[in-house]
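Derivation of every value follows stated rules applied to the coordinates shown; laboratory data play no part. Nothing here was measured: the structure is a model prediction, and the numbers come from that model. Here the Cβ is made from the backbone with ideal geometry for all residues, glycine too, and neighbour counts use every protein chain on show.
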Amino acid sequence: MPDNTTAGPGPGPGSGTGPGPVTGGASRAGILGAEARVNAGTTTGASTSGRLMPHDEGDKWSLRLQHAVSAFVDEPRGSIEEADQVLKEVAERFADAVTRRRRTLRTSWQTPGDDKADTEQLRLALRDYRELTERLLKI
């Protein structure tokens, strides 16, 4: 039977960072995999970057904004309208991404019929809430 109580790399329990001891019958690999999916904002594990939006979406908006700025001399009003539209789309996309991320975080600790979530799950969820909130406050 594997030992599921060994500490992972990094600081131990109570430090708020890094995986601590794994308890409650869940395998260390299972919790770490779920943690990576929550941090990536996905439940499939397809992305592990932790970004709220893919790079290619950000690149498209940056390009549109650059075009709006460079067209300002010839079309000032059109440039401003395009910049306004880009900002609107980015803000909506961020709001949607945060909503999806929050939903994913909630499902990591809030299971219907499970009034007693594992302490380790709760610790990881709290850490993820803190990290996401701090990232948003730095914008």
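In order along the range 94-99, the Karplus-derived 3J(HN,Hα) couplings, from 6.51 cos²θ - 1.76 cosθ + 1.60 at θ = phi - 60°, round to 5, 4, 4, 5, 5, 4 Hz, and Gly and Pro are given as x.
Only Lys, Arg, Asp and Glu carry charge here, each on its Cβ (+1 for the first two, -1 for the last two); on that basis the range 80-139 has a dipole of about 300 debye about its Cα centre. Model label points for VAL98 and ASP59, set 7 angstrom from Cα along the Cα-to-Cβ axis, are 2.7 nm apart. With a simple spin-label model that places each label point 7 Å from the Cα along the Cα-to-Cβ direction, the separation between VAL73 and THR119 comes to 6.7 nm. Between GLN110 and ALA91, the modelled labels are 2.6 nm apart [label points 7 Å from Cα along Cα→Cβ].
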